[in-house]
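Read-outs: derived from the displayed coordinates by stated rules, not from any lab. These numbers come from a predicted model, not from an experiment. Please note: Cβ atoms are built from the backbone with ideal geometry, for glycine as well, and neighbour counts cover all protein chains shown.
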Amino acid sequence: MSRAPRGSGRGTSGAARETQPERTALSWQRTGLGVLGVAALLAHSAVAGDAPARLAAAGAVALLGLGVLGWLAPLRARAVHRAVGRGGGVAAPRLALLAAALVAAVAGATLVAVLSR
């Protein structure tokens with residue numbers, strides 16, 4: 001007896017399908033809040049060390065986090081709601097790539113800030 005691949009939408013319970021939009025929205029919110037948390041840590045380090053360049057980097061990271069929370073998270077939540085309503089797939093490789101690039105950029109900014117102490 002073959003089973004449908006994970007995440008294919010076939011053979012998934014109705015409850016799992018109904019919670020997919022909420023799980024996706026929460027994951028995007030966690031990403032944005034994590035980026036804002038890193039920005040706050042960078043800002044604290046910059047103020048404590050009197051480093052205006054690091055403070056500018058913290059501001060840029062904070063703007064990225066706000067972009068995720070204010071633009072990407074709602075955009076993705078609406079797209080998932082529409083896809084689930086149609087019964088289609090919810091994969092979005094471009095947005096996943098964008099989120100990965102964002103996290104890599106934040107990690108890079110953090111690494112530069114930590115190493116420049």
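Each Lys and Arg Cβ is given +1 and each Asp and Glu Cβ -1; about its Cα centre, region 30-117 then shows a dipole of about 420 debye. Using +1 at the C-beta of Lys and Arg and -1 at the C-beta of Asp and Glu, which of Gly32, Ala73, Val103 has the Cα lying farthest in the positive direction of the dipole of region 19-115? In region 19-115, that residue is Ala73. Other residues with beta-carbon under 14 Å from the beta-carbon of Leu72 carry, at +1 per Lys or Arg and -1 per Asp or Glu, a net charge of +4.
Taking square-rooted eigenvalues a ≥ b ≥ c of the alpha carbon gyration tensor, is region 19-115 rounded, prolate or oblate, where a/c under 1.5 means rounded and, failing that, a/b exceeding b/c means prolate? Prolate is the answer for region 19-115, as a/c is 1.5 or above and a/b outweighs b/c. The calculated FRET efficiency for Ala107 paired with Glu22, based on their beta-carbon distance and R0 = 41 Å, is about 0.90.
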